[in-house]
Amino acid sequence: MNAFDRRQSAQYRAEAEARWGQSAAYAAYEQKTGHYSGQDWRAAAAGMDRIMGELAACRSRGAAPDSPEAQGLVKALQDHISAHYYPCTPRILAGLGQMYADDERFRANIDRHGDGAAAYIRDAVAAYCGK
């Protein structure tokens, strides 16, 4: 399973460039991913998918979004994004968490891990970021 539908990646990229193209984070993204091979992209996506799946499993087990397990996975998510895409500050991470639940495309892809996974991840990220 892939939490993010790669068929829509060109559309997502165009939207991201229009919205954040002038930001330092976007420049870092371009620099970091500009040389990525197909294998690099698949590995980065697989890592995101694994973390999303583990967060959904926390929800299924009844772990609260602010539980140590969920919070450790949010830290892993932040670290993964920073390692593979761009520096993921708490502010950026909080925005991503909200987007995962609010944007129906992201929500549908993430909720393939289980209904409510995107909302749970949003809540776990908000707890992690102190919101």
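Some observations on this one:
- Considering residues of the range 33-77 that are among the basic types (Lys, Arg) and within 16 Å of residue 122 (Cα to Cα) only, the residue surrounded by the fewest Cβ atoms within 10 Å (Cβ to Cβ): 75
- Residue match in the range 94-102 (condition: in contact (Cβ under 8 Å) with a residue 40 or more places away in the chain and either basic (Lys, Arg) or assigned to a helix (DSSP H, G or I) (or both)): no
- Residue 56 at pLDDT 95 or above, over 27 Å from residue 24 (Cα atoms) and part of a helix (DSSP H, G or I): yes
- Just one of (1) at pLDDT 95 or above; (2) part of a helix (DSSP H, G or I) fails for residue 44. It is (1).
- Screening residue 81 against (1) surrounded by fewer than 18 Cβ atoms within 10 Å (Cβ to Cβ); (2) aliphatic (A, V, I, L, M); (3) in contact (Cβ under 8 Å) with a residue 12 or more places away in the chain leaves a single unmet condition, (1).
- Among the candidates 6, 61, residue that is at pLDDT 95 or above, under 19 Å from residue 113 (Cβ atoms) and out of contact with any Lys or Arg (no Cβ under 6 Å at 6 or more places or on another chain): 61
- Taking the range 105-131 as the range and being within 19 Å of residue 62 (Cβ to Cβ) and free of Cβ contacts under 8 Å to residues at least 24 places away in the same chain as the test, the residues that pass are 111, 115, 118, 119.
The values are calculated or read from the model by the stated rules, or taken from the named source; none is laboratory data. Quick caveat, the model's predicted, so the values are computed rather than measured. Quick reminder, even Gly has a Cβ in these numbers, built from the backbone with ideal geometry, and neighbours come from all protein chains shown.
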